[in-house]
Amino acid sequence: MSAAQEVSPTPVVCVHGLRVSGSALHRIAAGITDRPVATPDLPGHGTRADERFDIDGAVQAVLDAIDSLGRPAVVAGMSLGGYVAMATSGRHPDAVAGLVVMCATAQPSRLLASPFRAFGAATSVLPRQAAAISKALTRMAVGGQVARDMEAGGLALHSIRDVVDALADLDALSEVAQYPGPIEFLNGGWDQFRIHERRFASVSPLAQVHVVPRASHLFPLIQPAETAAMITRFAHRCDALRTV
């Protein structure tokens with residue numbers, strides 16, 4: 001390849017999940033060492049906690065992060081961030097060089113949203129108690145380091161109802177089916193959000209699925225170095241496609 005054909009490394013935008021903020025992804029971002037990385041806060045979370053969450057605003061937050069690094073970018077979203085990433089890629093494909101969806105292959109529906117909506121309602125009635133319970137359960141489930149990562153930018157329990165309502169009406173399969181570029185679905189083997197994995201994998205001939213054995217829904221935060229390595233490998237694939 002001649003120097004004139006070389007392209008700069010494709011930047012990466014990592015999108016956080018429900019309750020947490022971009023700060024929760026700091027160890028993943030630190031592990032992606034060969035290209036620029038951004039970890040924006042979605043509306044209702046982190047530095048934007050006073051805003052209401054909706055899908056349009058979340059997509060715009062990702063686009064703003066992409067533009068801060070330079071289009072196109074790899075967008076890698078976890079859980080809620082995975083759904084936002086799919087909406088971003090489907091609506092603005094020219095801005096996305098490649099899509100990594102982590103822990104988000106359950107097609108949203110009002111039925112699946114019911115338990116999350118109930119928890120969101122409880123947090124609005126008893127916010128202090130809900131925050132204490134949430135922190136305690138998280139520390140029991142994932143340990144101190146991951147819990148500290150999740151709490152780094154504050155816990156946005158107040159936004160749960162808005163997020164659940166927005167996702168319940170999101171046709172994620174249709175959104176991601178509009179994206180023509182490379183896609184990688186990353187799931188933990190024990191992740192409850194794998195239930196429609198095959199349906200998501202079938203949306204594109206460029207989609208691949210990688211399952212991390214014996215890993216939970218929170219595996220990207222529990223295994224940040226491995227997650228960063230997987231995103232980096234995918235980003236190299238996107239670099240190569242941009243030179244063709």
**Report entry** Length gained when the stretch Val142-Leu241 is fully extended (0.36 nm per residue, less Cα-Cα span)
**Finding:** 31.9 nm
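Quick one: work out Rg over Rh on the C-alpha atoms of segment 9-238, Rh as Kirkwood radius.
Numbers: Rg = 16.1 Å, Rh = 17.2 Å.
Rounded to two decimals, Rg over Rh is 0.93.
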Query - Distance between modelled label sites at Ala30 and Arg91, nm, 7 Å Cα→Cβ extension - result: 3.3
Report summary line: Per the charge dipole of the chain (beta-carbon charges, Lys/Arg positive, Asp/Glu negative, Cα centre), the residue among Thr88, Leu206, Phe193 reaching farthest to the positive end is Phe193
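Before rounding to the nearest 500, sum -39500 (n - 2.57) across all DSSP H runs of length at least 4 in the chain and divide by the residue total; then give [θ] at 222 nm in deg cm²/dmol.
Details: 11 runs with 117 residues, N = 244.
My calculation for the chain gives -14500 deg cm²/dmol from helical runs alone.
Taking the Cα centre of the chain as origin, sum charge times position over the Cβ atoms of Lys and Arg (+1) and Asp and Glu (-1), and report the length of that vector in debye to the nearest 20. Walk me through the numbers on the way to the answer.
Details: 21 positive and 22 negative charges, 143 e Å.
It comes to approximately 680 debye.
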Query raised in the report: Counting only residues 5 or more places away or on other chains, whose amide H sits under 5 Å from the amide H of Ala215 once H atoms are built in the peptide plane?
Result: Gly189, Trp190
Query raised in the report: GNM on the chain, C-alpha springs below 10 Å: top fluctuator among Ser216, Ser68, Ser23?
Result: Ser68
**Report entry** Sites Gln107 and His210 - FRET efficiency at Förster radius 25 Å, r taken between beta-carbons, to 0.05
**Finding:** 0.80
Report task. Report, to the nearest 10°, how far helix 127-142 tilts away from the longest principal axis of the Cα atoms in the chain, using its own Cα long axis and a range of 0 to 90°. Result -> 60
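Dipole of segment 27-94, Cα-centred, from +1 at each Lys and Arg C-beta and -1 at each Asp and Glu C-beta, to the nearest 20 debye?
Details: 6 positive and 9 negative charges, 45 e Å.
That gives segment 27-94 a dipole magnitude of about 220 debye.
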**Report entry** Pairwise FRET efficiency - Val7 versus Ser202, Cβ, R0 = 30 Å, nearest 0.05
**Finding:** 0.50
Report summary line: GNM on the chain, Cα springs under 10 Å; top mean-square fluctuation among Val101, Val212, Val74 goes to Val212
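Arranged from highest to lowest average of other beta-carbon atoms within 10 Å per residue, in what order do the peptides 231-238, 188-195 appear? Intermediate values should be presented prior to the final figure.
Working: 231-238: 19.8, 188-195: 16.5.
Top to bottom by mean Cβ count within 10 Å: 231-238, 188-195.
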Query raised in the report: Among Leu206, Leu42, Leu218, which one shows the biggest mean-square fluctuation in a GNM of the chain, springs joining Cα atoms closer than 10 Å?
Result: Leu206
Query - Mean Cα-pair separation over length for segment 179-244, i.e. relative contact order, pairs under 8 Å, 6 or more apart, % - result: 36
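How much length, in nm to one decimal, is gained on full extension between Gln60 and Asp169, taken as 0.36 nm per residue of separation minus their Cα-Cα distance?
Values: separation 109, 0.36 × 109 = 39.24 nm, distance 1.80 nm.
Contour length minus Cα-Cα distance gives 37.4 nm.
Laboratory data are not the source of any read-out in this text; all were calculated from the coordinates shown. Please read all numbers here as calculations on a predicted model, not as lab measurements. For neighbour counting, all protein chains shown are included, and Cβ atoms are generated from backbone atoms with ideal geometry for every residue, glycine included.
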